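Every number here is computed from the coordinates shown, using simple stated rules; none is lab data. It should be emphasised that the depicted structure is a prediction, and the values quoted were computed from it without experimental measurement. Cβ sites come from the backbone with ideal geometry, for glycine too, and all protein chains shown count toward neighbours.
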Amino acid sequence: MPAAASASRTLGRDLLGLALIACVGLAGYWLFPDNLAFLTRVISVALLVLSLDLIVGYCGIASLGQGALYGAGAYAAGIACVHGITDPVLLILIGAAAGAVMGLLMGTIMLRAHGLPQLVLSIAIVQLLHEAANKASSITGGSDGLSGMSPAPLFGLFEFDLWGRSAYLFGLGLFLIVFAVLRFVTRSPFGMVCRGLKEDPLRISALGIYAFPVLLKMFVISGAVAGMGGALAAIATQVVGLDSVSFEISANALVMLVLGGIGHLYGALIGTVIFMALEHVVAAINPFHWMTLVGAVLIAIVLFAPRGLSGTLDELVRLLTRDRWRAGR
Amino acid sequence: MTKGFLNRLLPASALALAGALALGASAMADTIKVGIIGPFSGPFALQGKNFQAGAEAWLAQNGKSVAGHDIELVYRDLPTANPQQARALAQELIVRDKVQYLGGVYFTPDAMAITPLLKQGNVPLVIFNAATSAIMTSSPLVVRTSFTTAQTTTPLGKAAVERGVKKFVSVVSDYGPGVDAEGAFKKAIEAAGGEIKESIRIPLNTTEFSPIMQRIRDAGAEGVFAFLPSGPPTLGFVKAFSDTGLKKAGVKLFATGDLTQESDLPALGEAASGMITSFHYAVSHDSEINKRFAAAAEKAIGAPDLLSFPAVGAYDGLFVISKMIAATAGKQDAEKAVEAVKGLGWESPRGPVKIDPETRHITQTIYLREVAKDAQGRWINKEIASVPDQKDPGLAK
Amino acid sequence: MQTALSIAMDALAYGMALFIICIGLSLTMGLMRVVNLAHGAFAMIGGYIASYAARDLGLGYTLGIILAMIGTVIIAVPLERLLYRRIYDRSELSQVLMTIGITFCVIGITNYFFGPTLKTILLPAELARSVDLGFRSIAGHRLFVIASGLVVAGGLWFLIERTGFGIHLRAAVENAPMARTLGIRTEIIYAASFALAIGLAAFGGVVGAEFLPIEPYYALRYMVTFLVVVSVGGAGSIPGALAACLLLGAIDVTGRYLVPDFGNFFFYLAVILVVCAFPRGLMGRAE
């Protein structure tokens, strides 16, 4: 297959994918106009899960501390907002910057180890930050949460109000941009090297590529994405709590990612949407059995769909279209 | 097969349709929805169950309608402090479920996330628990029927000094309520002529307290004030206090009633006996109205030893909401509703209470209690003294 | 000096309690290569059984411990056959997820049957008494924990280094196919060591209940602590786990005495430093 044709084809598929997400997002806006705060929350968490996918799925680094990056963004945006910087776009950028800096720090520490110790480092980092946020209660509000922020209307026109329309559309737009950029990043030679490092580090290093700066760069990108998710949450909720920088949110993010399937950006999105929708519905019906159900779903996924929902979907599609594929080749 | 399926499906959908119609009809007959947000699952599920038990006890005693308007409770689960989720739930309750009143809320950050919505939603919020003073200033549409940490702590300082204890060490968990308690106790002790030798803050998840006991010993304290979240930390603290011999050495342990929640007492047992706490409500409170409340709430919660203070917050919360409904004749008017309950006084299971017109926080009697066994051999918080008409000192100007 | 001794005593007791609970996890992770995050759940099950036996049935502490260990193993063995066996050679991520799933289920079910309140395990009079050590009095129970820790450490070392079972286990770990060709029945070895690890978890859950009280969220609340301790020690190494427990226990307890405000900071800082300095754990095995 000629390279140019393949490139234009992937571009076409990307555009299609983005259009699809946009359509589903807008459909959500029309279909559930009363649940927009929840849907905004889903987008914010989806950014977190997406950022985790960059590290776990594309670099093979296990992390149970992604909340550190998300929380850094949330608190940075929240603190900036309380101190008078109220432009939402600017706040998102501040969140991204804070997340990126935290990603740099976290990456520098975490890349010193591999496997399980690496996982433990990520936990230790998020716990340390949690403690720090609790301690610095004069800046962060501690366990009572940081409140009292009132972001300015978006572009000076659309207010962040009870109905949450502007927050949702703002979030959706942000998500589409981030998703498009990440599609590009993961396709780029840099993204390929990351994948290579995950699959076969020895071979990549034989090519003369030093792993550390490559992975660190991905950590920074991941931090920026997670930071934007946090900042979006801060803007939409107008309160930042300690839960945004916690082990729990990190573990939940990982669960959602694996549910959707690691190493696909779509997987991160699907996992988040399905997990949170289920939680929203089931927990409202019977909060008590929610935990048992999640547990059972996790076990089932590991046993029967080890590549997550998107991976299984892929496989199904491949099985169904196998003949056509062959003919195409 | 297909036909059988259809046959089963048709009546089902007809039923659903009829149900929907009936719902619509009953909405015409004026059903007022009250959204209750609380931790109904997760580590704090017991507190949420108490919300539910208290609310249902009120409905069981007073019927499901107020002045001709039916009340429907809509529960939403918020397992841990999570402002983002709190806002989403509150928004959904207001916009989609069209609730006229919001109630519940266990954690302060959740309350803070909900208050900005109240004005636009034209909905009052009646807090059943969240105990930080500052919530009341964040919106004029908030009323609180629980307590604040400063409110329950302050009377304890004077009582402790009156018991001849002068030198104290305070040990609190390092989070908002803990820091509030530390400050309030220190102020009260110093006003009464006592002295705080040392103030110790410990991480929230601590369960092993021997080193803290060593510090208390080193400081030469005669009394210890503690504020910890109920559950494992409290159990660890009380055990360590008696295991390390501090209790035997005659050091007195003081705390707020959060620590000796009735549901924890069977586990704390002997180790906690003699501990003196101050609080707004004990399940064992001796009054006719409380006996009736406790019986109804125990029935709602299932087992008698699960009942504790959040239930009374919810019970009184529903009373306040019922007054709001009556005052607005069922119309949605948050300001008028809140205005109507300012200064409202009534006899609660905990004793005489009143909504302070200025702060919209509940004014109530704070009791001094001792952990002891009752006639049936059950561990209870036995009331030994009472300090009536306590406002929230955290809000007093 | 007295204070230092006293703190050391507390640190030792706390470290030993951690050790008894965690050593089973270290075995599963190091020897069987399974990141079993549900380890705490099994410790909790043990605690519940003992509490039920000692408190509600009045069977006493010793019998409670024995029943807890047997009962927990009986619950765990079918899980091993049905679930764990399928993740032995899967990635760490799958193992983490499956065992988190198991933990959630255990919590949900426990909550349903035993309710959300704290459970205590009735101590016999000898252990509940305070013992005077001259420089301080200490709960008899703490001395019992220290002694149990030493016995467990010694016993395990002997079992793994000096017995036939230990040789077979190590062989199965180093090279399972080769061990099988030599006639070692690796599934039985795995099942037996899994049962051993779970039995130890239950034992730890019971004797450590004075430090880590039993309630449904036990399994989740201390999950991170257990995982961290084992990784710092180096999975699979008994002396490593012992060293890690004593070190982290000492840092935790001393930190809490000296600067209680920043208790957790020291713990996690120490973890970060140790993991950075010894990426395989204090006494981890080279891969």
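Of note:
- Extended-chain gain in nm, criterion 0.36 nm per residue less alpha-carbon gap, A:Ile109 and A:Ala206: 32.5 nm
- D by Stokes-Einstein for the protein assembly as shown, Kirkwood Rh over Cα pairs, 10 °C, 1.306 mPa s: 53 µm²/s.
- Taking amide H positions as modeled 1.01 Å from N, with prolines and chain starts lacking one, the residues under 5 Å from B:Ile32 and 5 or more places away or on another chain are B:Asp70, B:Ile71, B:Glu72.
- FRET efficiency for B:Asp389 and A:Ala277, using Cβ-Cβ distance with R0 set to 41 Å, rounded to 0.05: 0.25
- Where the alpha-carbon atoms of chain B are placed on the principal axes, they occupy 80, 55, 41 Å, in descending order.
- Sites B:Ala192 and A:Ala136 - FRET efficiency at Förster radius 35 Å, r taken between beta-carbons, to 0.05: 0.60
- Given their separation in residues at 0.36 nm each and the Cα-Cα distance between them, A:Glu248 and A:Arg165 gain 27.0 nm when the chain is fully extended.
- For segment A:172-182, putting each phi into the Karplus relation 6.51 cos²θ - 1.76 cosθ + 1.60 with θ = phi - 60° gives couplings of 5, x, 4, 4, 4, 4, 4, 4, 4, 4, 5 Hz, in residue order, rounded to whole numbers and with x for Gly and Pro.
- Histogram of C-alpha separations across segment C:19-219, 10 Å bin width, %: 9, 33, 33, 18, 6, 1
- Taking every C-alpha pair closer than 8 Å and separated by at least 6 residues, the mean separation divided by the residue count of segment C:19-219 gives a relative contact order of 43 percent.
- Per-residue ellipticity at 222 nm from helix content only, as computed over chain A with -39500 (n - 2.57) for each DSSP H run of at least four residues, stands at -26000 deg cm²/dmol.
- Mean residue ellipticity, 222 nm, helices only, chain B: the sum of -39500 (n - 2.57) across DSSP H runs of n ≥ 4, divided by residue count and rounded to 500, is -14000 deg cm²/dmol.
- Taking the Cα centre of the protein assembly as shown as reference, the dipole from Cβ charges on Lys and Arg (+1) and Asp and Glu (-1) amounts to some 1940 debye.
- If you take the Cα centroid of segment A:96-124 and the Cα centroid of segment B:238-298, the two points sit 44 Å apart.
- Separation of the A:Glu199 and C:Phe113 label points, Cα + 7 Å toward Cβ, nm: 4.7 nm
- Among B:Trp346, A:Trp163, A:Trp30, B:Trp379, the order by Cβ neighbours within 10 angstrom, fewest to most, reads A:Trp30, B:Trp346, A:Trp163, B:Trp379.
- Taking every DSSP helix (H) stretch of at least 4 residues in chain C, weighting each as -39,500 (n - 2.57) and dividing the sum by the residue count yields a mean residue ellipticity at 222 nm of -23500 deg cm²/dmol.
- Exposure proxy ranking, count of Cβ atoms within 10 Å, fewest first, for C:His168, C:His141: C:His168, C:His141
- Normalised by 2.2 N^0.38 Å, where N is the number of residues, the alpha-carbon radius of gyration of segment C:137-287 equals 1.19.
- Bridges between two residues of the protein assembly as shown, per DSSP, are antiparallel at a rate of about 45%.
- Assuming charge only on the beta carbon of Lys and Arg (+1) and of Asp and Glu (-1), the dipole of segment A:3-328 about its Cα centre is about 1120 debye to the nearest 20.
- Placing unit charges on the Cβ atoms of the charged side chains and taking the dipole of segment C:19-219 about its Cα centre, the candidate lying farthest along the positive direction among C:Ser26, C:Ala53, C:Ala147 is C:Ser26.
- Within a straight-line Cα-Cα reach of under 13 Å, B:Lys186 can be paired with the following aspartates and glutamates, leaving aside sequence neighbours fewer than 8 residues apart in one chain: B:Glu195, B:Glu198.
- Computed on chain A, with alpha-carbon pairs under 8 angstrom and 6+ residues apart, the relative contact order is 31 percent.
- Shape call, segment C:1-116: gyration tensor on alpha carbons, a/c limit 1.5: oblate
- With each label modelled as a point 7 angstrom along the Cα→C-beta vector, the A:Met192-A:Val24 pair spans 2.8 nm.
- Within segment B:194-296: Cβ-based charge dipole about Cα centre, in debye rounded to nearest 20 (Lys, Arg +1; Asp, Glu -1): 120 debye
- Across segment A:3-328, the volume of the C-alpha convex hull divided among the residues equals 156 Å³ per residue.
- Legend: calculated FRET efficiency, C:Asp261 to B:Glu270, from the Cβ-Cβ distance at R0 = 51 Å, rounded to 0.05, equals 0.95.
- Label zone at C:Glu161, where the point sits 7 Å out along the Cα-to-Cβ direction: segment C:217-246 residues whose backbone N lies under 14 Å: C:237-243
- The ranking of C:Cys22, A:Cys59, C:Cys245 by Cβ neighbour count inside 10 Å, starting from the fewest, reads A:Cys59, C:Cys245, C:Cys22.
- Taking every full run of DSSP H in chain C, the ones that stretch at least 20 Å from end to end by Cα along their long axis and average -0.5 or higher on the Kyte-Doolittle scale are C:2-30, C:61-82, C:92-114, C:140-162, C:186-207, C:238-258, C:263-277.
- Taking label points 7 Å from Cα along the Cα-to-Cβ direction, B:Asn122 and B:Ala249 give a separation of 6.4 nm.
- Cross-link partners of B:Lys331 among aspartates and glutamates (Cα-Cα below 17 Å; sequence separation of 8 or more within a chain): B:Asp30, B:Asp70, B:Glu72, B:Asp97, B:Glu339
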